[in-house]
Amino acid sequence: MKINKVGVVGCGFMGSGITQVCAQAGYQVVVREVSGDALNKGLAMVNQYLARGVEKGRMVQSEKEKIMARIKGTTELKDLSECDLVIEVVPEDLGLKKKLFAELDTICARRTILTSNTSCLSIENIAKATKRPDKVIGTHFLSPVPPSKLLEIVTSPVVSNDTVETVKEFCASLGKEIIVAKDTPGFVFNYLLITLSNAAFELIEKGIATKEDVDKSMTLGLGHPIGPIALADFNGVDVCYLVTKAMYERTGEARFKPSPVLKKLVDAGMLGRKTGQGFYKYK
Ligand SMILES: NC(=O)c1ccc[n+]([C@@H]2O[C@H](COP(=O)([O-])OP(=O)(O)OC[C@H]3O[C@@H](n4cnc5c(N)ncnc54)[C@H](O)[C@@H]3O)[C@@H](O)[C@H]2O)c1
């Protein structure tokens, strides 16, 4: 199936990046947020990212304008009815995602493929909230979305081969390298990342090393572009908490139990870069 028009539900940290890369690849994009304010904030993030690209000479102004013109913002889910593929990018909450997929199922054309950007929840479980489980799949984009090379496709026992092949082609058209994972908790990327992050939080909680030194051990020791503590701040301490909690609920494995330090920061509203303070302080 040829994808022309893409829907994005949620224009937060990840949804704004996904909206941008789809529009940049030439797709018409309809992006839905819950309120005009949230939508404007999300679209401003896209605009700002592209403006930086113009400033740095990565694209010309007219190109930026063409990309922005391909994006239509809305607060109405029904405006996504004619999309060929819809990407869900709302917070990591199974109930919220299932409710949304059930709604999308009644609104969207029968041909529409529905994908979730979930970090670790069961795609099969989400798919079963619809009457088209064969057309539901995971597209796990990584942050920051525009420069990130990797995209993890998550299959499920109920997805069709046609859907897998169409989505592989679509993701490749966004300029991403694809890995394919089965529908297991955290798939490949977060299974590894959450294991590492939780061990890093444990080291600072037990006072074994400072957060700076824990981060250095991975950046200098293994050449990671960012340490696990700084990465939690970058991705959002709240997102990290929700994903870890969901991994723990899905597996029951102690190594995925959310660290008390994460919960403390979330309760204090210290969510990382987006609030100016998380594990570290930001200007
Ligand atoms: N932050 C990361 O680094 C990262 C990386 C990969 C995957 N993810 C996953 O992506 C998803 C979104 O994460 P995020 O970091 O962008 O969160 P976020 O909180 O920045 O954005 C979520 C957005 O969804 C909106 N929203 C909520 N309900 C909605 C609805 N019914 N319709 C439309 N919009 C709605 C919210 O207003 C918010 O703007 C989660 O499933 C998360 O696990 C996050």
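The values are calculated or read from the model by the stated rules, or taken from the named source; none is laboratory data. Computed from a predicted structure; not experimentally measured. Here Cβ is always computed from backbone atoms with ideal geometry, including for glycine, and neighbour counts include all displayed protein chains.
Among the residues making up segment 81-94, a single one is within 12 Å of the ligand (Cβ to nearest atom) and over 14 Å from the mean Cα position of the chain (by Cα): 94.
Here's the yes/no breakdown for (1) within 9 Å of the ligand (Cβ to nearest atom); (2) over 25 Å from residue 172 (Cα atoms):
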position	(1), (2)
57	no, no
61	no, yes
75	yes, yes
96	yes, yes
108	no, no
135	no, no
144	yes, no
147	no, no
153	no, no
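From the list 183, 213, the one residue that fits, being crowded, with 20+ Cβ neighbours inside 10 Å and among the charged types (D, E, K, R), is 183. The single condition among (1) touching a helix residue (DSSP H, G or I) at 6+ places or on another chain (Cβ under 9 Å); (2) more than 12 Å from the ligand (Cβ to nearest atom) that residue 52 does not satisfy is (1).
Among the residues of segment 254-279, the ones that are loosely packed, with under 14 Cβ neighbours inside 10 Å, charged (D, E, K, R) and modelled with pLDDT of 95 or more come to 2 in all. For segment 24-39, the set of residues classified as touching a residue at least 12 places away in the same chain (Cβ under 8 Å) and within 11 Å of the ligand (Cβ to nearest atom) consists of 31, 32, 33, 34, 35, 38, 39, listed by residue number.
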